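The values are calculated or read from the model by the stated rules, or taken from the named source; none is laboratory data. This structure is a prediction, so every number in the text was calculated from the model and none was measured. All Cβ positions, glycine included, derive from the backbone under ideal geometry; neighbour counts span all protein chains shown.
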Amino acid sequence: MDLLFRGGRVFTPRGVLAEAVLVRDGVIAAVGPERELAREPHETVDLNGGLLTPGFTDAHLHPVQAGLERAKCDLSEVFGLDAYIEKIADYATKNLDKEWIDGGGWDMSAFPGGLPHRDQIDFLDRPVYLIQRDHHAAWVNTAALGRAGITRDTPDPADGRIERDAAGEPTGVLHEGAMDLVGLLTPRPAAQDLLDALADAERHLFSLGITGWQDAIVGSYAGSDDQLPTYLEAARSGRLRARVVGALWWDRTRGAEQIEDLIARRASAEGLGRFRATSVKIMQDGITENFTAATLEPYCLCGGTGLSYVDPAKLREYVAELDRNGFQVHFHAIGERAVREALDSFEGTDPANRHHIAHLQIIEPSDVPRFAALGVTANLQPLWATHHAQMDELTLPYLGEPRSSWQYPFADLLAHGTRFCAGSDWPVSNADPLQGMHVAVNRTEPGSSVHAGYPTAQTPFLPGQRIDLATAMTAYTAGSAWINRSPAGAVEPGRPADLVVLDRDPFELPPSDIWTAQARMTFVDGDPVFERP
């Protein structure tokens with residue numbers, strides 16, 4: 001029987017215009033006035049004054065890793081050293097059989113200079129390995145350093161750094177590639193653990209209205225396990241319901257010879273329907289807070305200019321070859337030099353491959369127009385564009401002016417005609433698209449954030465870079481679906497009925513309350529996959 005959504009408004013490609021949607025056999029059959037669509041027998045979904053939107057697509061996240069971390073020592077929902085220690089101690093007490101205490105979610109801004117210390121977790125004699133919220137560092141104790149054989153004489157890897165004190169002793173923080181020195185020693189999850197993690201992540205994402213995503217690392221990085229077999233099994237067995245693209249990891253220790261392997265990995269996912277491995281993820285730099293983001297001018301405090309993980313001269317060659325082989329290239333670029341290197345590598349590539357650059361924390365103003373000119377999509381993670389402790393106490397002092405004012409220039413990109421998609425980088429930050437839209441519109445912390453009480457959290461961060469709600473919602477729906485070549489992403493006839501019922505219409509709320517809207521029901525192909533009690 002047909003399914004009729006009525007009793008609220010509908011977000012369509014032309015804005016919030018329609019009042020009813022008819023679904024037949026899992027496909028949107030009609031959009032328009034209720035009196036016209038209700039003529040045939042149907043079941044009704046009452047929007048109850050809420051808003052019906054396309055299912056959200058997250059264009060950059062890490063759900064398998066998130067699912068694993070949710071089952072371990074998860075620090076992401078608390079903030080501060082005392083809260084972290086309490087969580088770690090409680091987890092250790094409840095898991096006396098575990099050889100390692102591992103997990104993550106700690107925030108750099110909870111520590112002076114952004115750096116915790118091994119002494120703070122040396123109350124445990126078992127090795128501890130806790131990944132930082134941004135996944136660019138790990139906090140370890142003395143026992144973990146001992147297991148890895150890390151001493152004052154251990155050299156830094158080429159793509160990372162062992163944090164050391166004034167005497168040269170390791171302090172218990174491992175940055176970037178140095179994370180693997182300990183991370184690869186932690187217990188590896190079994191194949192079933194990875195499948196369970198993916199299933200848990202999918203349930204959570206459905207609860208937020210997310211019906212598709214691009215997994216931004218499908219490969220082995222910083223101690224993580226290759227998720228490709230997990231996705232292949234989940235798709236073949238029918239357990240994967242979301243529409244997913246895997247971004248295959250570019251191994252920065254190798255060169256163009258790995259493209260043949262990437263082609264084979266892509267081919268292994270052909271014909272699976274729900275999952276495709278058609279993108280390649282290149283991480284070109286790190287993050288500003290540990291001075292590994294690639295900048296054009298030196299940082300104010302340390303004097304360095306960060307790291308370009310792939311030689312820019314070779315990067316052009318690699319991207320050109322990936323482009324010729326029909327891959328989409330998905331860049332991580334935080335610093336303005338990394339953004340420029342990514343844009344330079346896209347010169348002469350085919351816009352039909354739908355290349356995109358994620359994060360885009362700092363863009364030198366002359367590079368802003370190049371996105372539209374090159375046909376490169378800006379992959380936004382809006383939640384980061386606020387005043388919070390990490391921004392005010394670490395990022396701004398390290399960047400200085402004018403570079404600090406070049407951050408997250410959404411309005412400038414939009415003014416030049418840049419195409420947007422959007423994502424969360426979960427578990428780095430909250431996966432809820434409504435939280436991201438709130439920040440894109442307000443440039444302030446959502447009321448549910450652990451940073452909402454920070455003194456300047458409700459002071460708009462670079463308010464001239466705000467964008468309107470329709471643009472932000474389009475980025476999370478049609479924009480990200482376009483990046484994934486998904487048939488969903490819009491409420492219009494002929495599209496799959498991947499739909500979300502929001503409990504209230506954010507277009508009728510004060511902008512400061514956008515974050516209060518929630519997904520009430522989520523549908524994939526017209527079937528309910530989530531309903532909030």
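Here is how the numbers come out for the structure above:
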{"quantity": "Among (1) buried (at least 24 other Cβ atoms within 10 Å of the Cβ); (2) within 23 Å of ASN353 (Cβ to Cβ); (3) in contact with a strand residue (DSSP E or B) (Cβ under 6 Å, 6 or more places away or on another chain), the one test that ASP285 misses", "calculated": "(3)"}
{"quantity": "Meets criteria (on the phi < 0 side of the Ramachandran plot and either in contact (Cβ under 8 Å) with a residue 60 or more places away in the chain or buried (at least 20 other Cβ atoms within 10 Å of the Cβ) (or both)) for ALA452", "calculated": "no"}
{"quantity": "Residue in the range 115-133 that is surrounded by 15 or more Cβ atoms within 10 Å (Cβ to Cβ), over 26 Å from TRP384 (Cβ atoms) and among the hydroxyl-bearing types (Ser, Thr, Tyr) present", "calculated": "no"}
{"quantity": "Residue that is surrounded by the most Cβ atoms within 10 Å (Cβ to Cβ) [pool: residues in the range 465-524 that are within 21 Å of the chain's Cα centre (by Cα) and of a type in the set (Phe, Trp, Tyr)]", "calculated": "TYR476"}
{"quantity": "Cross-chain or 6+ apart pairs with Cβ under 9 Å, the range 256-271 first and loosely packed, with under 12 Cβ neighbours inside 10 Å, then basic (Lys, Arg)", "calculated": "GLU270/ARG276"}
{"quantity": "Those residues of the range 4-25 which are small (Gly, Ala, Ser) and surrounded by fewer than 17 Cβ atoms within 10 Å (Cβ to Cβ), in sequence order", "calculated": "GLY15"}
{"quantity": "When residues of the range 26-82 are limited to those that are among the acidic types (Asp, Glu) and assigned to a loop (DSSP other than H, G, I, E, B), the one surrounded by the fewest Cβ atoms within 10 Å (Cβ to Cβ)", "calculated": "GLU77"}
{"quantity": "Candidate set from the range 293-309 (those that are surrounded by 19 or more Cβ atoms within 10 Å (Cβ to Cβ) and in contact with a Phe, Trp or Tyr (Cβ under 7 Å, 6 or more places away or on another chain)); member that is farthest from LEU343 (Cα to Cα)", "calculated": "TYR299"}
{"quantity": "Every residue from the range 377-435 that is hydroxyl-bearing (Ser, Thr, Tyr), in contact (Cβ under 8 Å) with a residue 40 or more places away in the chain and assigned to a helix (DSSP H, G or I)", "calculated": "THR395, TYR398, SER405"}
{"quantity": "From GLY494, GLY489, GLY464, GLY479, residue being of a type outside the set (A, V, I, L, M), out of contact with any Cys (no Cβ under 8 Å at 6 or more places or on another chain) and in a helix (DSSP H, G or I)", "calculated": "GLY464"}
{"quantity": "Residue in the range 159-176 that is in contact with a Lys or Arg (Cβ under 7 Å, 6 or more places away or on another chain), more than 25 Å from GLY306 (Cα to Cα) and surrounded by 22 or more Cβ atoms within 10 Å (Cβ to Cβ) present", "calculated": "no"}
{"quantity": "Residues within the range 497-526 that are touching a Lys or Arg at 6+ places or on another chain (Cβ under 8 Å), closer than 21 Å to PRO446 by Cα, part of a loop (DSSP other than H, G, I, E, B) and not polar (S, T, N, Q), tallied", "calculated": "3"}
{"quantity": "Cβ-Cβ under 8 Å pairs, at least 6 apart or on other chains, the range 335-355 side closer than 12 Å to VAL376 by Cβ and touching a residue at least 40 places away in the same chain (Cβ under 8 Å), far side assigned to a loop (DSSP other than H, G, I, E, B) and among the polar types (S, T, N, Q)", "calculated": "ALA342/GLN284"}
{"quantity": "Matching residues, the range 287-301, being within 14 Å of ARG403 (Cβ to Cβ) and part of a loop (DSSP other than H, G, I, E, B)", "calculated": "PHE291, ALA293, ALA294, THR295, LEU296, GLU297, PRO298, TYR299, CYS300, LEU301"}
{"quantity": "Of residues in the range 361-376 being among the aliphatic types (A, V, I, L, M) and assigned to a loop (DSSP other than H, G, I, E, B), the one surrounded by the fewest Cβ atoms within 10 Å (Cβ to Cβ)", "calculated": "VAL368"}
{"quantity": "Residue satisfying all of: in the range 118-162; out of contact with any strand residue (DSSP E or B) (no Cβ under 8 Å at 6 or more places or on another chain) and among the charged types (D, E, K, R); nearest to GLY286 (Cα to Cα) among these", "calculated": "ASP134"}
{"quantity": "Test result for ILE210, touching a strand residue (DSSP E or B) at 6+ places or on another chain (Cβ under 8 Å), buried (at least 23 other Cβ atoms within 10 Å of the Cβ), not basic (Lys, Arg) and not assigned by TED's automatic domain parsing to the domain that holds SER109", "calculated": "yes"}
